[in-house]
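Trainee: Got a structure here, written out as structure tokens. Questions coming.
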Amino acid sequence: MIKEVAREQGISVRSIERELGFSNGTMQRWNKHSPNVEKIKSVAGYLSVPIEKLIYGQPKKEKEGK
């Protein structure tokens, strides 16, 4: 989902990695290995989207009554 959100904003994954100080290919490896929560939070902040959008594809709806 990160790749799609980045594309919508006209940003390359490599640019995100560079700006956030990640090593080259870090985000590509997330396809096989779960990323660190702090890195996901950094990417969400960089892209100005809720972390849920990157994880679930869209923000999760709050349960009724909460």
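Trainee: How many lysine pairs are close in the chain, with Cα atoms under 25 Å apart and the two 8 or more places apart or on different chains?
Mentor: Summing the qualifying lysine pairs gives 20.
Trainee: Ser34 to Leu20: extension gain in nm, 0.36 nm per residue of separation minus the Cα-Cα distance?
Mentor: Difference between extended and current length: 3.3 nm.
Trainee: Still on this model: Helix 37-47 sits at what angle to the longest principal axis of the chain, using alpha carbons and giving 0 to 90 degrees rounded to 10?
Mentor: Between helix and principal axis, roughly 90 degrees.
Trainee: Could I ask something else about it? Using the Cα centre as the reference, give the magnitude of the dipole from point charges on the C-beta atoms of the chain (Lys, Arg: +1; Asp, Glu: -1; all else neutral), rounded to the nearest 20 debye.
Mentor: It works out to roughly 160 debye.
Trainee: At 4 °C and 1.567 mPa s, grab the translational diffusion coefficient of the stretch 2-56 from Stokes-Einstein with a Kirkwood Rh over Cα pairs, rounded to a whole number in µm² per second.
Mentor: Diffusion coefficient, whole number: 116 µm²/s.
Computed from the coordinates by the stated procedures, all read-outs in this text should not be read as laboratory data. A quick note: this is a predicted structure, and the numbers were derived from the prediction, not measured. Positions of Cβ are generated from backbone atoms using ideal geometry, with glycine treated the same way; all protein chains shown enter the neighbour counts.
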